[in-house]
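Colleague: Mind having a look at this structure? Questions to follow.
The values are calculated or read from the model by the stated rules, or taken from the named source; none is laboratory data. Model, not experiment: these values are computed from the prediction. In this analysis, Cβ positions are derived from the backbone assuming ideal geometry, glycine residues included, and neighbour counts consider all displayed protein chains. Note: areas computed on protein heavy atoms with side chains; ligands, DNA, RNA excluded. Shrake-Rupley method; radii C 1.70, N 1.55, O 1.52, S 1.80 Å.
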Amino acid sequence: MNREPSEEPDARGRPVGRRVFLGTLGLGALGVATAPVLQRGLEGFLGSISGDDPTGLTGLLPNGGGFRYYSVAASVPHRGPADYRLTVDGLVDRPHTYTLADLRALPQTRLVKDVQCVTGWRVPGTPFEGVRLSDLLDAAGVRSAGRAIRFTCFDGTYSESLTLDQARRPDVLVALRMQDKDIGHDHGGPVRLYVAPMYFYKSAKWLSGITVTDRVRPGYWENLGYDVDAWVGRSNGRTDEPTS
């Protein structure tokens, strides 16, 4: 059977005209070009409805870069360069409040690790950048009575904890960037905690407070039965491969 030079065979051997072929290529290019826009739209949509979803099912839907949007608060205010503040206080000699510009001006560390959720999903090779938590603690001057850290968030609900030794690890960041871009609101921005070797619930979103305490004070999920020490593969009854 003869074919015109302007035609390409489809999977069943029937000719596909040039217009159809080029149209298909055009749709493919359009999909590539619009994918980021659609992805951002999906993130925003899930973020807007998740607070009113009593089932929590929106937290199971795929989101940007493989992540799921999840919040335990009915709504979360937005913070930006003009009104974001991070306070370091408690059992320290030099309490301090940082603006977003202050944090950006400090030495930054970049880590690329897998992110593992305790519900089972994993996002491999995820870059995070930010200030080492140990640097902020050193600047504040932890007193001898300090044994742990309590983290609070500007959603008004979430909290987390680490021991002082855990907090001083080099793979624990006060993160400002994720996946090579500034952390957006839906992913816990403009600043979130990132605890690389632990399940992701330890990496508190919308971080606003770092308080040095005399003992570990369990966070939001720990008060609901999750492990306080959340090492990937060694806690919560899971056997996931370690992330660090």
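Colleague: Taking Leu162 as the residue in question, decide whether it is buried (at least 23 other Cβ atoms within 10 Å of the Cβ) and farther than 23 Å from Gly80 by Cβ.
Modeller: So Leu162 passes the test.
Colleague: Which condition number in (1) surrounded by fewer than 21 Cβ atoms within 10 Å (Cβ to Cβ); (2) free of Cβ contacts under 8 Å to residues at least 24 places away in the same chain is the one that Ile183 fails?
Modeller: (1)
Colleague: Kindly indicate which of Pro190, Pro127 is touching a residue at least 40 places away in the same chain (Cβ under 8 Å) and touching a helix residue (DSSP H, G or I) at 6+ places or on another chain (Cβ under 7 Å).
Modeller: None of the other options fit; the residue is Pro190.
Colleague: Let me ask something else. Which residues, taken from segment 231-244, are in contact with a strand residue (DSSP E or B) (Cβ under 7 Å, 6 or more places away or on another chain), under 19 Å from Phe128 (Cα atoms) and part of a loop (DSSP other than H, G, I, E, B)?
Modeller: Val232, Thr243, Ser244
Colleague: Another question, then. Counting only residues that are in a loop (DSSP other than H, G, I, E, B) and in contact with a His (Cβ under 6 Å, 6 or more places away or on another chain), how many does segment 181-228 have?
Modeller: Adding up the residues that qualify gives 0.
Colleague: OK, next. Take Arg110 and tell me if it is under 16 Å from the mean Cα position of the chain (by Cα) and at pLDDT 95 or above.
Modeller: yes
Colleague: Do we find a residue being open to solvent by 30 Å² or more (accessible area, probe 1.4 Å), closer than 27 Å to Pro242 by Cβ and of a type in the set (A, V, I, L, M) anywhere in segment 124-144?
Modeller: no
Colleague: Suppose we filter Leu86, Leu133, Leu137 for residues that are closer than 17 Å to His185 by Cβ and modelled with pLDDT of 95 or more; which single one remains?
Modeller: Leu86
Colleague: Checking Arg147 against (1) buried (at least 19 other Cβ atoms within 10 Å of the Cβ); (2) closer than 21 Å to Glu222 by Cα, which test does it fail?
Modeller: (1)
Colleague: Assuming Asp214 fulfils every condition listed in (1) in contact with a Gly (Cβ under 6 Å, 6 or more places away or on another chain); (2) open to solvent by 20 Å² or more (accessible area, probe 1.4 Å); (3) not β-branched (Val, Ile, Thr) apart from one, which condition is it?
Modeller: (1)
Colleague: Any idea which of Asp89, Asp114, Asp102, Asp83 is open to solvent by 20 Å² or more (accessible area, probe 1.4 Å) and either among the hydrophobic types (A, V, I, L, M, F, W, C) or assigned to a helix (DSSP H, G or I) (or both)? Before the answer, list the steps.
Modeller: Numbers: Asp89 fails: either among the hydrophobic types (A, V, I, L, M, F, W, C) or assigned to a helix (DSSP H, G or I) (or both); Asp114 fails: either among the hydrophobic types (A, V, I, L, M, F, W, C) or assigned to a helix (DSSP H, G or I) (or both); Asp83 fails: either among the hydrophobic types (A, V, I, L, M, F, W, C) or assigned to a helix (DSSP H, G or I) (or both).
After ruling out the rest, the residue left standing is Asp102.
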